[in-house]
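Quick notes on the structure that follows.
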Amino acid sequence: MSNSFEQDHSCRALTTIREVTWADSQKALQSIRTQVFIEEQGIDPLDEWDPADQTAIHILAQRSDRAVGCARIVALKKIGRMAVVKEIRHRNVGSRLLRFAITRIHEAGNVPTLGAQISAMGFYASHGFLPEGPIFDDAGIPHRTMTLTGDHEKTLMPLDAESLRFDTPDLLVAIEPQTSHKETRIAIPRLSEEDASWLTPRLCFYAASHGANTLILQIPEGEVQIPLESPHDF
């Protein structure tokens, strides 16, 4: 079991994110997943609990010693069972769980992948994941496979509730999407061809997953309009 953890001192209640085992933390992990998946989403307990829990890497978020969020990694590459209890949502806990999982998978030399609930695709899009393959059913809920490919040193993540940040070893760009009448406008500075080729498809899918059918990139040379497919067809 890893001793690595993260702490957030920006809130009065301290939140920690750490790697745990099923043997050590089964009660806490089951409590979170029961609240979110079984009670809220109506998933059958027979679908929720599986043998993979015994060998998976588990990630636990605690706030003032209360278990409030979790995720797991199967085969050192597939992220799943991402859950945050209802009253703690929209406080960056889910984002921190996901970033912890991404880092753990990258450290193993693998590409992060996950099966996203269709309703949650926008959340994963804000972290740079792109969809692939058809929609499929998992426990009665539509899902789609998403992966985080490309240069590990390039990252996209939420900056706050309404903006994103794009990081490279040499650059940090704050991105403030503005969506109106099915159009999303994003102003970005001049980027290298390599950075632009990584970022542009991710901004397209982010905009599509937030209801836009057109992305307008405002760059130093002018505006570029990009028509968008439905996130289900992207």
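The values are calculated or read from the model by the stated rules, or taken from the named source; none is laboratory data. These figures come from a predicted structure and were not determined experimentally. All Cβ positions, even for glycine, are placed from backbone atoms using ideal geometry, and neighbour counts span all protein chains on display.
Here are a few things to note about the model shown:
- For the stretch 34-124, the helices (runs of 4 or more DSSP H) that sit wholly inside it and include 1 or more residues that are within 28 Å of GLY150 (Cα to Cα) are 52-55, 93-107.
- Looking across LEU159, LEU130, LEU98, one residue alone is modelled with pLDDT of 95 or more and under 27 Å from ARG18 (Cβ atoms). It is LEU98.
- Candidate set: the stretch 169-198, residues that are at pLDDT below 95 and in contact with a helix residue (DSSP H, G or I) (Cβ under 8 Å, 6 or more places away or on another chain); chosen: the one farthest from LEU215 (Cα to Cα): LEU171
- Residue within the stretch 55-62 that is within 29 Å of GLY211 (Cα to Cα), small (Gly, Ala, Ser) and out of contact with any His (no Cβ under 7 Å at 6 or more places or on another chain) present: no
- The stretch 15-40 residues that are modelled with pLDDT under 95, paired with ones that are crowded, with 18+ Cβ neighbours inside 10 Å and part of a helix (DSSP H, G or I) (beta carbon under 7 Å, 6 or more apart): THR15/VAL93
- Test: residue in the stretch 126-134 that is part of a helix (DSSP H, G or I), under 28 Å from LEU97 (Cβ atoms), touching a Leu at 6+ places or on another chain (Cβ under 9 Å) and of a type in the set (Phe, Trp, Tyr): no
- Restricting attention to the stretch 192-225 and to residues that are of a type in the set (A, V, I, L, M) and without any contact (Cβ under 8 Å) to a residue 24 or more places away in the chain, the residue that is nearest to LEU156 (Cα to Cα) turns out to be ALA196.
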